[in-house]
Amino acid sequence: MASAAASSCSSISMMFLTHSSAATSSTAHRLLPPGCLRRRRLHCHPLQMGPASLRCLTFPSSAAAPSPPHVVVPHASLSTEVNTKVIDGKAVAKQIRDEITAEVSRMKEAIGVIPGLAVILVGDRKDSATYVRNKKKACESVGINSLEVHLPADSTEEEVLKHISGYNDDPSVHGILVQLPLPSHMNEQHVLNAVRIEKDVDGFNPLNIGRLAMRGREPLFVPCTPKGCIELLHRHGVSIKGKRAVVIGRSNIVGMPAALLLQREDATVTVIHSRTSNPEEITRLADIIISAVGQPNMVRGSWIKPGAVIIDVGINPVEDTNSPRGYRLVGDVCYEEAIEVASAVTPVPGGVGPMTIAMLLQNTLISAKRMHNFE
Ligand code: NAP
């Protein structure tokens, strides 16, 4: 495996694939697909920029009107002083968490109810334990009660179901999340179906997805990662209505619900998957691209229509000998190339990732408000 140059899409080796959502995590080992061929210089990396260098990355965020580079436009919704070409998921997530904190405290003062999120973790996977710890910390940071049960890997499915049933009946619990993957002797679908739909803050219940797909129906919860993608577009002032959108990936937890959400917002949506024969050609037509594939730097600059807006969901660890950890995270989109063509791009890390957990907190708050008829 070749090692990855610090700021290049070329010569990247993928170490492993981490697949995570509010509720899921799995690790697979794959080799890198054909790497990026060209290498472009990134004049100022968004994660290393100060206010001065931020200015050189400032673009209007509308996908409809491709704009010349280096134009400063005031931002519509973010409270930061400059509008940037980089869609800063960390800043947006912080803003949302602040809003949630205020709402949680208003609810507590008004009716004495504190939203509660229960997480069930089975087994000793380190990555799952980390996700659960992060969710717990996030809950604490906004004032949401966090409950947790950690069962050994050899627990029976009945034991897990017993805990779900307890949380289903517990009025202090407004959201239940089963950390995936479960040990292989358990039937994941069976376990997930046991979560009461009113507490299914992950939004994976087929009834929720069905409602998402139907006109005039409202899901109780929207799955966290795709919801975060749409929220990023809204808060960055990107208009979706009438736009041509391409979603790359059709998984139940990201790609498929992301496509449904874009359609609900009146975009014209095309979904690309592993059997699509001309993904580059199709993607090049898009005003908005959401990529959730799990292939490092698959989407190259040549795939992108000038002025398009890109939401990169992919989180792909690739070998990097310059990093103390020996690897770094990259998205599905070749960031250095995308930033030169697109009007706005999410970085990896710091784009969609922080939004997923913010949306989980938001869904828990929504659930508590709904259960207590609190406006
Ligand atoms: P997944 O279940 O493995 O689905 C991947 C999708 O990509 C599938 O629909 C697959 O097509 C498609 N695909 C695979 N290779 C392709 C190719 N060469 N060309 C076109 N399509 C291709 O993955 P996922 O759970 O959706 O996650 C996708 C990525 O998002 C991963 O990197 C994951 O770590 C990341 N993720 C991030 C967050 C976050 O919070 N930021 C949350 C969840 C996931 P088929 O259906 O034909 O197989």
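The values are calculated or read from the model by the stated rules, or taken from the named source; none is laboratory data. Predicted, not measured: the structure shown is a model, and the values here were computed from it. Note: ideal-geometry Cβ built from the backbone for every residue, glycine included; neighbour counts use all protein chains shown. Note: areas computed on protein heavy atoms with side chains; ligands, DNA, RNA excluded. Shrake-Rupley method; radii C 1.70, N 1.55, O 1.52, S 1.80 Å.
In the condition set (1) in contact with a strand residue (DSSP E or B) (Cβ under 6 Å, 6 or more places away or on another chain); (2) within 16 Å of the ligand (Cβ to nearest atom); (3) polar (S, T, N, Q), Ser251 is compliant with all but (1). If you take the residues of segment 214-230 that are buried (at least 18 other Cβ atoms within 10 Å of the Cβ) and assigned to a loop (DSSP other than H, G, I, E, B), which of them is farthest from the ligand (Cβ to nearest atom)? The selected residue is Leu220.
The rows are residues; the columns are (1) open to solvent by 30 Å² or more (accessible area, probe 1.4 Å); (2) within 16 Å of the ligand (Cβ to nearest atom).
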site	(1), (2)
Cys334	no, yes
Ala344	no, no
Pro349	yes, yes
Leu361	no, yes
His372	yes, no
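Checked against (1) within 11 Å of the ligand (Cβ to nearest atom); (2) in a helix (DSSP H, G or I), Gln295 passes all but a single condition, namely (2).
Of the residues that make up segment 268-275, is at least one away from the ligand (no atom under 11 Å from the Cβ), of a type in the set (Lys, Arg) and either surrounded by fewer than 24 Cβ atoms within 10 Å (Cβ to Cβ) or assigned to a helix (DSSP H, G or I) (or both)? No, segment 268-275 contains no residue that is away from the ligand (no atom under 11 Å from the Cβ), of a type in the set (Lys, Arg) and either surrounded by fewer than 24 Cβ atoms within 10 Å (Cβ to Cβ) or assigned to a helix (DSSP H, G or I) (or both). Within the option set Leu233, Leu285, being more than 14 Å from the ligand (Cβ to nearest atom) and in a helix (DSSP H, G or I) holds for one residue only, Leu233. For segment 251-258, the criterion of being part of a helix (DSSP H, G or I), over 20 Å from Val86 (Cα atoms) and touching a helix residue (DSSP H, G or I) at 6+ places or on another chain (Cβ under 6 Å) is met by at least one residue. Within segment 284-297, restricting attention to residues that are open to solvent by less than 20 Å² (accessible area, probe 1.4 Å) and polar (S, T, N, Q), the residue that is nearest to the chain's Cα centre (by Cα) is Ser291.
For beta carbons closer than 7 Å, sequence separation of 6+ or different chains, a first residue in segment 287-303 that is modelled with pLDDT of 95 or more and a second that is open to solvent by 30 Å² or more (accessible area, probe 1.4 Å) and polar (S, T, N, Q), the qualifying pairs are Ala292/Ser251.
In segment 298-314, the residue that is farthest from Val254 (Cα to Cα) out of those that are open to solvent by 10 Å² or more (accessible area, probe 1.4 Å) and in contact with a Ser or Thr (Cβ under 9 Å, 6 or more places away or on another chain) is Pro306. Which condition number does Pro317 fail, the rest of (1) closer than 20 Å to Leu232 by Cα; (2) open to solvent by less than 10 Å² (accessible area, probe 1.4 Å); (3) of a type outside the set (Lys, Arg); (4) outside any loop (DSSP other than H, G, I, E, B) being met? Every condition holds for Pro317 apart from (1). Contact map, segment 352-372: residues that are modelled with pLDDT of 95 or more paired with residues that are aromatic (Phe, Trp, Tyr), Cβ distance under 7 Å, separation 6+ or inter-chain. Pairs shown: Asn363/Phe221.
From the set of residues in segment 298-314 that are part of a loop (DSSP other than H, G, I, E, B) and among the hydrophobic types (A, V, I, L, M, F, W, C), which is farthest from the ligand (Cβ to nearest atom)?
It comes out as Ala308.
Run Ser239 past the list (1) out of contact with any Lys or Arg (no Cβ under 9 Å at 6 or more places or on another chain); (2) open to solvent by 30 Å² or more (accessible area, probe 1.4 Å); (3) within 16 Å of the ligand (Cβ to nearest atom); (4) under 20 Å from Ala338 (Cα atoms) and report the number of the one that doesn't hold. Single failed check for Ser239: (3).
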